[in-house]
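To keep things clear, I will list the structure first and then write my remarks on it.
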Amino acid sequence: MLDSGDGDGIAWFADWKTFLTDVLGTSYPEDLDPSDDGGEREEYIVDTLEIFSKKFQFATQSIPAGEQEESTHE
């Protein structure tokens, strides 16, 4: 999403911007430089993931590794 600039012509882009605002209570940083490989861009990603994880209690809702059933994917 951060690599696609303003999202023109990308159907899912508006949905994600709405999700960020309405669900996570944060906003898409319109002024981030898509070519920035660190700094503000990395800080935004880490902050947004933290908001997401806290909101949905991601870590506390998962099954501890020792209690997971063995997968039988073939």
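Within the group Thr21, Thr60, Thr72, which residue is modelled with pLDDT of 85 or more and among the hydroxyl-bearing types (Ser, Thr, Tyr)?
On the way: Thr60 fails: modelled with pLDDT of 85 or more; Thr72 fails: modelled with pLDDT of 85 or more.
On inspection, the qualifying residue turns out to be Thr21.
Looking only at region 32-52, how many residues end up being of a type in the set (Asp, Glu) and at pLDDT 80 or above? Spell out how you get there, then give the answer.
Filtering region 32-52 for residues of a type in the set (Asp, Glu) gives 33, 36-37, 40, 42-43, 47, 50.
Now restrict to residues that are at pLDDT 80 or above: 40, 42-43, 47, 50.
Going through region 32-52 one residue at a time, the tally reaches 5.
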Which residue is farthest from Met1 (Cα to Cα), if the candidates are limited to region 21-43 and must be of a type in the set (A, V, I, L, M) and touching a helix residue (DSSP H, G or I) at 6+ places or on another chain (Cβ under 7 Å)? Leu24
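The values are calculated or read from the model by the stated rules, or taken from the named source; none is laboratory data. The structure displayed is predicted, hence computed values, not measured ones. Every residue, glycine as well, gets a Cβ built from its backbone with ideal geometry; the counts of neighbours run over all protein chains shown.
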